[in-house]
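Everything below concerns the one structure shown next.
Derivation of every value follows stated rules applied to the coordinates shown; laboratory data play no part. Since this is a predicted model, take the numbers as computed values, not measurements. With ideal geometry, Cβ positions are generated from the backbone for all residues, glycine too; neighbour counts draw on all protein chains shown.
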Amino acid sequence: MLCPSSANTQQCSEESKVRRSPKRVARTDFLEDAQKRPQLELRFWSKVQKTSDDKCWEWTGAVCKPPRLPYGRFTIGGVMPAHRASWLLSGRTIPAGLFVCHRCDNPRCVRVDHLFLGTAMDNTQDCIQKGRMHRTHGRQPNTRIGTDAPSARLSESDVLEIRSEENPNIQRRKELAVRYGVTRTTIRDVLRRHTWTHL
Ligand SMILES: [Zn+2]
């Protein structure tokens, strides 16, 4: 069960002061544009390999590179995890505080009936059980940035997913910290682009 992202539309006065590049933040308002929607759906599904049985529908477009988990990357006014885009394109919503998770444990899968909404706690417990926390173990120590930095606890896909959140408020940032096994300061720095500036 993978659980990388969620939407949170609550505004936060502190967060509103944060400068961020609009090109980098995935915007869900594209989904609500009736004129652009068919083209968007066409572009999305052209990158999905569907099957006639109940197997996963895998994303064939860009994915996060190893050692990050290969979540699909869909550009929609910014980079959004493809499975999250699939969830939203299906007409479903992502209530604040919930994540879009995989039942099938396949990060490339965008099949909606393989996805579900879960809490940060659900996912954190699952990550611990599956050994996904602290993914820096075993990495080469002599590299420089991002996941290659010896001290990194987040992967680049994690950072993209965190930044795909829309103005996460303080409570939401707490949940993100729990979900990714980092401090709230780390989450704040990611959102403000004080760290992971190469993404
Ligand atoms: Zn699947």
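Scanning residues 5 or more positions from C109 or on other chains, those with amide H under 5 Å from its amide H are W59, with H placed 1.01 Å from N in the peptide plane.
Each of T195, T183 was scored by other Cβ atoms within 10 Å of its Cβ. Arranged with the fewest first, they read T183, T195.
Neighbour counting of Cβ atoms within 10 Å sorts the residues Y71, Y180, fewest neighbours leading, into Y180, Y71.
Taking other C-beta atoms within 10 angstrom as a stand-in for reagent exposure, I187, I170, I94 fall in the order I170, I94, I187, fewest first.
For an R0 of 25 angstrom, estimate the FRET efficiency from the Cβ-Cβ distance between V112 and H194 and round to the nearest 0.05.
On the way: r = 35 Å, r/R0 = 1.42.
Efficiency computed from Cβ-Cβ geometry: 0.10.
One decimal place: the segment V178-T75 gains 34.4 nm when fully extended, by the rule 0.36 nm per residue minus the C-alpha distance. Here the simple spin-label model places points 7 Å from the Cα toward Cβ, and for Q49 and R92 these points are separated by 2.3 nm.
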